[in-house]
Amino acid sequence: AADALGALGGNDARDSLFLGLSDSNPVVRNNVIYALGKLEGDDIAFGRLVAIARSDELDPLRGSAIDAASMVDPDRTIPLARGLLDRSTEKHSVETDAFAALRRSKDPELIDLGVRYARPGNPTPIRSAVRC
């Protein structure tokens, strides 16, 4: 249902998806997050995804939210994604999704950042996520 609403787009679909963010099942919430990512250019969806990326209790959902936010607006996601890189989360889920968001922006100024995190000594999941 979340995928269908995301594909449908529009304010009503977005508002219906927002209801799913309060579901107790994290799998449902994750599906809703990625469905919101389909709402390209939707400032309200973007704002909600950024809020989740900054504050959700579950690191995987925070990572999904930054990734989905970059689908809505890749360039506006850059500052948030960069700010999440230096945190150490369980299984590095937030950091790897932050790199997915940064790759989506295609900003050439981010190449040096990727090179820094691809170096030996950084955690393997993060090094793998840098792939450009």
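The values are calculated or read from the model by the stated rules, or taken from the named source; none is laboratory data. Keep in mind that what you see is a predicted model, and the values were worked out from it rather than measured. So basically every Cβ, Gly included, is an ideal-geometry build from the backbone, and we count neighbours across all protein chains shown. The protein model used for the area step is the full one, side chains on, heavy atoms only, and it has no ligands, DNA or RNA in it. Shrake-Rupley method; radii C 1.70, N 1.55, O 1.52, S 1.80 Å.
One residue alone among ARG76, ARG116, ARG87 is free of Cβ contacts under 8 Å to residues at least 12 places away in the same chain and part of a helix (DSSP H, G or I), and that residue is ARG116.
Among the residues of the stretch 86-105, is any under 22 Å from TYR34 (Cα atoms) and touching a strand residue (DSSP E or B) at 6+ places or on another chain (Cβ under 9 Å)? No, the stretch 86-105 contains no residue that is under 22 Å from TYR34 (Cα atoms) and touching a strand residue (DSSP E or B) at 6+ places or on another chain (Cβ under 9 Å).
Of ILE126, ILE52, ILE44, which residue is open to solvent by 30 Å² or more (accessible area, probe 1.4 Å), of a type in the set (Val, Ile, Thr) and either part of a helix (DSSP H, G or I) or modelled with pLDDT under 90 (or both)?
Details: ILE126 fails: open to solvent by 30 Å² or more (accessible area, probe 1.4 Å); ILE52 fails: open to solvent by 30 Å² or more (accessible area, probe 1.4 Å).
Going through ILE126, ILE52, ILE44 in turn, just one is open to solvent by 30 Å² or more (accessible area, probe 1.4 Å), of a type in the set (Val, Ile, Thr) and either part of a helix (DSSP H, G or I) or modelled with pLDDT under 90 (or both): ILE44.
Please determine whether any residue of the stretch 89-106 is touching an Asp or Glu at 6+ places or on another chain (Cβ under 7 Å), open to solvent by 80 Å² or more (accessible area, probe 1.4 Å) and not hydrophobic (A, V, I, L, M, F, W, C). Looking through the stretch 89-106, at least one residue is touching an Asp or Glu at 6+ places or on another chain (Cβ under 7 Å), open to solvent by 80 Å² or more (accessible area, probe 1.4 Å) and not hydrophobic (A, V, I, L, M, F, W, C).
Take the stretch 100-123 and flag every residue that is closer than 24 Å to GLU40 by Cα and modelled with pLDDT of 90 or more. If you could, list the steps in order and put the result at the bottom.
At the first step, the residues of the stretch 100-123 found to be closer than 24 Å to GLU40 by Cα are 100-110.
Across the stretch 100-123, the qualifying residues are ALA101, LEU102.
Taking every residue in the stretch 18-38 that is of a type in the set (Lys, Arg) and pairing it with any residue that is part of a helix (DSSP H, G or I), at least 6 positions away or on another chain, the pairs with Cβ-Cβ distances below 7 Å are ARG29/GLY20; ARG29/LEU61; LYS38/GLY6; LYS38/ALA7; LYS38/MET71.
Taken over the stretch 102-112, residues that are more than 14 Å from LEU80 (Cα to Cα) and touching a residue at least 24 places away in the same chain (Cβ under 8 Å) amount to 2.
The requirement of being open to solvent by less than 60 Å² (accessible area, probe 1.4 Å), in a helix (DSSP H, G or I) and not β-branched (Val, Ile, Thr) is satisfied by ALA13.
Could you please give the count of residues in the stretch 24-41 that are charged (D, E, K, R) and either assigned to a loop (DSSP other than H, G, I, E, B) or open to solvent by less than 20 Å² (accessible area, probe 1.4 Å) (or both)?
To start, the set of residues in the stretch 24-41 that are charged (D, E, K, R) comprises 29, 38, 40.
Keeping just the survivors that are either assigned to a loop (DSSP other than H, G, I, E, B) or open to solvent by less than 20 Å² (accessible area, probe 1.4 Å) (or both) gives 38, 40.
Here the count works out to 2.
Out of the residues in the stretch 65-88 that are open to solvent by less than 10 Å² (accessible area, probe 1.4 Å) and among the polar types (S, T, N, Q), which is farthest from LEU5 (Cα to Cα)? Checking each candidate, the answer is THR77.
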